[in-house]
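The next block holds one structure in the form of structure tokens; read it before the comments.
The values are calculated or read from the model by the stated rules, or taken from the named source; none is laboratory data. Predicted model, so just to flag it, every value in this text is computed and none were measured. Here Cβ is always computed from backbone atoms with ideal geometry, including for glycine, and neighbour counts include all displayed protein chains. We work out accessible area using only protein heavy atoms, side chains counted, and drop any ligands, DNA or RNA first. Shrake-Rupley method; radii C 1.70, N 1.55, O 1.52, S 1.80 Å.
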Amino acid sequence: MGPREIRPSTTFSISKDDQPRLQEQLRRVGGVEEPPGPYERWRVKMSDGTSQAVVILYKSGKLVISGHAPAFDQAMALVEAVGKRVPPKHRPTGERESTTAAAPPENEPHIGTDEAGKGDFFGPLVTAGVYVDDRVARLLRALSVRDSKTVGDRELRVLAGNIREVVEEQKRAVIVVAPKRYNELYRQMRSEGKNLNTLLAWTHTRVIEDLIRHGLQPKFILSDQFGDKRYIEDRLLVDTRLSGVPVIQMHRAEADVAVAAASILARDAFLRWLEQAGKALGLTVPKGASPKVIETGRLLVARLGADALKEYAKVSFKTMEKVLAP
């Protein structure tokens, strides 16, 4: 267990539509709801080992996270995915605020990246990248390519097939980090004082590097907001061919057609993995972190033993404690 480390309280602005979904996501990873105080809409306490963090949403739409790592970092990873960070009153000179970045036009040559499986107990973490130019961007729009979160599983399969037909193989990349490897990487990064965002940045970087290796020359790289974009920039700038290409992280990046296409390819690969695992195990492997997930986890532990779960699940999730609870 790593040392508890206090983190500075951080404030976000959360849109009304995202508020209930975020509350549910925090609950899914083991967050416990506490009675809200005056002016508060809800408050959720997160625990990880001996560390605790509190996430408070105010009626104004402002959200504040405070507490110690690693619990703080776990909450932060979920909140950063949907919230817009409110900068502190006095920001150090020269510090960049990437959340305010506006996306350049989607028909310019660029790479979009996105991931799937981040919040699911079972299955891999999948990251995909898609390179588009004006012609491909128009084709993908004509095919109704959009954010995978708004697409049902059946239609998603069809869209993924269409994307693979329209986007040449060397202009798309998908990296599947299977649970066993995810658990090893997550443990390694936590031992170095890093968190899930570092792991995400690493997979996004791998996808981008795969595409650049084919000689593609994007004018910019776009991904959803999930952490410190400087990690991606620092890794990429080692490659001189990419020197100077801006890395843009923004909320609702899936509105961009390349990011939307990447989100569909990532989700498709994630669902295929679950399907294959289900066939091998002779049962349906559920998505998310619901009671059905806990039930399936307990079934697999009874059948294969707790250690075997590392092959199918992200054992760092709070869900694991519920699976192993007597």
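Average projected area of the Cα convex hull of region 255-326, in nm²?
Details: hull surface 22.4 nm².
For the Cα atoms of region 255-326, the hull's average projected area reads 5.6 nm².
Keeping all protein chains in position, work out how much accessible area M76 exposes to a 1.4 Å probe, and write it in Å² to the nearest 10.
Looks like 20 Å² after rounding.
When the helix-only estimate is applied to the chain (DSSP H runs of n ≥ 4, each -39,500 (n - 2.57), divided by the residue count), what is the mean residue ellipticity at 222 nm, nearest 500 deg cm²/dmol? Intermediate results must be reported in sequence, preceding the final value.
Details: 10 runs with 129 residues, N = 326.
Taking each H run of at least 4 residues, the total per residue is -12500 deg cm²/dmol.
Expressed in nm to one decimal, what extension gain is obtained for the pair E311 and R164 from 0.36 nm per residue of sequence separation less their Cα-Cα distance?
Numbers: separation 147, 0.36 × 147 = 52.92 nm, distance 2.84 nm.
Value of the extension gain: 50.1 nm.
Which FRET efficiency value, to the nearest 0.05, is calculated for L283 and R206 with the Förster distance at 35 angstrom and r the Cβ-Cβ distance? Don't skip to the end; give the middle numbers.
Details: r = 31 Å, r/R0 = 0.90.
Here the calculated transfer efficiency is 0.65.
Pull up the cross-link candidates among the lysines for K219, meaning alpha carbon to alpha carbon under 20 Å and not fewer than 8 places away within one chain.
Within reach: K171, K229.
What figure in square angstrom, to the nearest 10, would you give for the accessible area of E5 with a 1.4 Å probe?
Roll a 1.4 Å probe over it and E5 shows about 90 Å².
Once you've got the GNM for the chain with C-alpha springs shorter than 10 Å, pick whichever of V29, V259, V247 has the biggest mean-square fluctuation.
With Cα springs under 10 Å in the chain, the top fluctuation among V29, V259, V247 is at V247.
Calculate the dipole size of the chain relative to its Cα centre from +1 charges on Lys and Arg beta carbons and -1 charges on Asp and Glu beta carbons; express the result in debye to the nearest 20.
In debye, rounded to 20, the chain gives about 600.
Ignoring ligands, DNA and RNA, please state the percent of accessible area on the chain from carbon and sulfur, probe 1.4 Å.
Details: 8020 of 15530 Å².
The computed percentage sits at 52.
Leaving out same-chain residues fewer than 8 places away, which lysines sit with a Cα under 29 Å from that of K59?
Correct list for K59: K16, K45, K84, K89, K118, K149, K318.
Using 0.36 nm per residue of separation minus the Cα-Cα distance, give me the extension gain between R252 and K292 in nm, one decimal. Walk me through the intermediate numbers first.
Working: separation 40, 0.36 × 40 = 14.40 nm, distance 2.95 nm.
Separation in residues times 0.36 nm, less the Cα-Cα distance, equals 11.5 nm.
State log₁₀ I(q)/I(0) for the chain at q = 0.07, 0.10, 0.13 Å⁻¹ as given by the Debye formula over alpha-carbon point scatterers of equal weight, solvent excluded.
Scattering profile of the chain, log10 relative to I(0): -0.28, -0.59, -1.02.
Helix by helix through the chain, keep the DSSP H runs that span 27 Å or more along the axis on Cα and average at least 0.0 on Kyte-Doolittle, and give those back in order. Please report the intermediate quantities before stating the final value.
On the way: long enough: 257-281 (36 Å, 0.79).
Those that pass (Cα extent of 27 Å or more, hydropathy at least 0.0) are 257-281.
Compute the relative contact order of the chain as a whole-number percentage, counting only Cα pairs closer than 8 Å that sit 6 or more residues apart in sequence. Mind showing how you got there, number by number?
Working: 609 pairs, mean separation 72.1, N = 326.
22 percent.
Mind putting together the pair-distance distribution for region 1-54? All Cα pairs, 5 Å bins, whole percent per bin, short to long.
Here the calculated profile for region 1-54 is 4, 15, 22, 27, 19, 8, 3, 1.
With r defined as the distance between the Cβ atoms of T11 and R141 and R0 fixed at 35 Å, what FRET efficiency is calculated, to the nearest 0.05?
Values: r = 36 Å, r/R0 = 1.03.
Efficiency, rounded to the nearest 0.05: 0.45.
Taking the alpha-carbon set of region 160-202, what are its Rg and Dmax in Å?
Spelled out, the Cα radius of gyration and Dmax of region 160-202 are 14.8, 42 Å.
Please work out how much accessible surface D153 shows to a 1.4 Å probe, ignoring ligands, DNA and RNA, in Å² rounded to 10.
70
Per residue, what accessible area does the chain have, given a 1.4 Å probe and all protein chains present, in Å²?
Details: 15530 Å² over 326 residues.
Result: 48 Å² of accessible area for each residue.
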